1. For G79, which of the numbered conditions (1) over 19 Å from A48 (Cβ atoms); (2) without any contact (Cβ under 8 Å) to a residue 60 or more places away in the chain; (3) under 13 Å from the mean Cα position of the chain (by Cα) fails to hold?
2. Which of the residues belonging to the range 60-76 are without any contact (Cβ under 8 Å) to a residue 40 or more places away in the chain and closer than 25 Å to E22 by Cα?
3. Could we say that S95 is modelled with pLDDT under 95, of a type in the set (G, A, S) and on the phi < 0 side of the Ramachandran plot here?
4. If the Cβ limit is 9 Å and pairs must be 6+ apart or interchain, which residue in the range 103-117 that is farther than 13 Å from Y134 by Cβ pairs with which residue that is crowded, with 18+ Cβ neighbours inside 10 Å and among the small types (G, A, S)?
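The values are calculated or read from the model by the stated rules, or taken from the named source; none is laboratory data. Quantities reported herein were computed from a predicted structural model and do not represent experimental measurements. In this analysis, Cβ positions are derived from the backbone assuming ideal geometry, glycine residues included, and neighbour counts consider all displayed protein chains.
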Amino acid sequence: MKKILMAALICLMTVSFAFAQEKGTAKEAQDLVTKAIAYYKAEGKDKAFAAINDPKGQFTKKDLYVYVADLNIVVFAHGANKALVGKNLYELKDSNGKPFAKEIADGAKSKGKGWVDYSWTNPTTKKIEAKSSYFQREGDLVFVCGFYK
């Protein structure tokens, strides 16, 4: 009986660890933005936006994805939801009414890069969770990637 319980516990821990590995980290989010900007500079707008729009491409990792918008948060590329391309998200607020998209735009204009914290529905758990997004300005664009805390 002890062997069965121990085996079950090890199995559960392994599955839990594997699931936990599916969540991206702050460093991974920041690294994806850096990688996307480097690709944009090397390959140009059209090729970069096509690559970022690919949900199975190099700019998605675990539950992370990059999106690119102008400084008014009109989306040009989105790794998780192509339907958002062309949409203006400037007025978008989180579940607590925080205007996080405006904060990203304002931060990109004033500081060039940084982090914005907000609450957002995690598509995996379907629950509202704390999220933090890293943004970095490149010319008239802002590259963004967020992770669930």
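1. The number of the failed condition is (1).
2. Taking the range 60-76 as the starting set, the residues that turn out to be without any contact (Cβ under 8 Å) to a residue 40 or more places away in the chain are 60-61, 72, 74-75.
Residues satisfying the conditions are T60, K61.
3. Values: modelled with pLDDT under 95: yes; of a type in the set (G, A, S): yes; on the phi < 0 side of the Ramachandran plot: yes.
It is true that S95 is modelled with pLDDT under 95, of a type in the set (G, A, S) and on the phi < 0 side of the Ramachandran plot.
4. Short answer, once both residue conditions are applied: A105/A69.
Rundown of residues vs (1) out of contact with any helix residue (DSSP H, G or I) (no Cβ under 7 Å at 6 or more places or on another chain); (2) farther than 20 Å from G107 by Cβ; (3) not aliphatic (A, V, I, L, M), yes/no style:
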| residue | (1), (2), (3) |
| --- | --- |
| K27 | yes, no, yes |
| A36 | no, no, no |
| K41 | yes, yes, yes |
| A51 | no, yes, no |
| F59 | no, yes, yes |
| V74 | yes, no, no |
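Listed here are the residues, each with its yes/no results for (1) charged (D, E, K, R); (2) within 22 Å of K23 (Cβ to Cβ).
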residue: H78; (1), (2): no, yes
residue: P99; (1), (2): no, no
residue: K131; (1), (2): yes, yes
residue: F135; (1), (2): no, yes
residue: F147; (1), (2): no, yes
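For (1) charged (D, E, K, R); (2) farther than 23 Å from K27 by Cα, each residue gets a yes or a no:
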| position | (1), (2) |
| --- | --- |
| K56 | yes, no |
| T60 | no, no |
| V68 | no, no |
| D140 | yes, yes |
| C145 | no, no |
| Y148 | no, no |
